[in-house]
1. List the residue pairs whose Cβ atoms are under 8 Å apart, where the first residue sits in region 78-99 and is more than 20 Å from R138 (Cβ to Cβ), the second is buried (at least 20 other Cβ atoms within 10 Å of the Cβ) and of a type in the set (G, A, S), and the two are 6 or more positions apart or on different chains.
2. How many of the residues in region 30-48 are closer than 18 Å to R128 by Cα and buried (at least 18 other Cβ atoms within 10 Å of the Cβ)?
3. Could you tell me whether region 93-110 includes any residue that is out of contact with any helix residue (DSSP H, G or I) (no Cβ under 7 Å at 6 or more places or on another chain), over 18 Å from N15 (Cα atoms) and part of a helix (DSSP H, G or I)?
4. Look through region 49-71, keep the residues that are within 15 Å of the chain's Cα centre (by Cα) and among the aliphatic types (A, V, I, L, M), and return whichever of them is farthest from D129 (Cα to Cα).
5. So, in region 77-123, of the ones that are over 18 Å from the mean Cα position of the chain (by Cα) and small (G, A, S), which residue ends up modelled with the lowest pLDDT?
6. Could you please find all residues in region 31-74 being more than 11 Å from V17 (Cα to Cα), assigned to a loop (DSSP other than H, G, I, E, B) and among the acidic types (D, E)?
Amino acid sequence: MGELPGSVLFACTMNSVRSPMAEAILKHLHGRHIYVDSVGVREGEIDGFTIAVMDEIGIDVSKHRSKVFDQLEDSSFDLVISLSPEAQHSAVEMTRTMACEVEFWPTYDPTLTEGNRETRLEAYRQVRDQLMARIKERFPLMRMPEP
C-alpha cells in the first residue's frame, strides 16, 4: 500500500452532488489523515437527494456550501480527482503550473435520472456506493497490527 496523499480535492460540475459525496466519504474514512475539499466548475446548491442518501449511511452533508475553483482558499493539493469531463478540463488548467497529480473518475450525474422519487433516489445511491467503493480502493484504510 502506498502513502496516502496529504490533501485531496474532488471536482465536478456544480459541487452539489458528486464531489460533496466524495468529499464527505473521504473525510469520514480518513479525515484525520488527509485534508479534503471539493469544488465545482459552476455554482450550485447542495442537492436534497444527496443529503438524503448520505444521511442513509450516517454522513451529514446538509451544511455543505458549494464553491467554484476561484473560491478555493488553498489551491495546493497533492491530488485532484475530477468526476466530470468539465471538471477534468478545469482541474488540468488549475494544476498546469503545480506539482499535483490529477485523476479522472468519470462518474454518472444522477440529476439526469428521470422518474419518481424512489427511482431518482436509487440513482443517487448507486453513485454514492460507487464513490464509496472507489475511494476505499484508492485510499485503503490502515489496518492495525494483530497483537
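1. Within 8 Å, the pairs are S90/A11; S90/S82.
2. 8
3. Within region 93-110, not a single residue is out of contact with any helix residue (DSSP H, G or I) (no Cβ under 7 Å at 6 or more places or on another chain), over 18 Å from N15 (Cα atoms) and part of a helix (DSSP H, G or I).
4. V68
5. That would be A99.
6. E43, D60, E73, D74
The values are calculated or read from the model by the stated rules, or taken from the named source; none is laboratory data. Nothing here was measured: the structure is a model prediction, and the numbers come from that model. Glycine also receives a Cβ, built like all others from the backbone with ideal geometry; neighbour counts cover every protein chain displayed.
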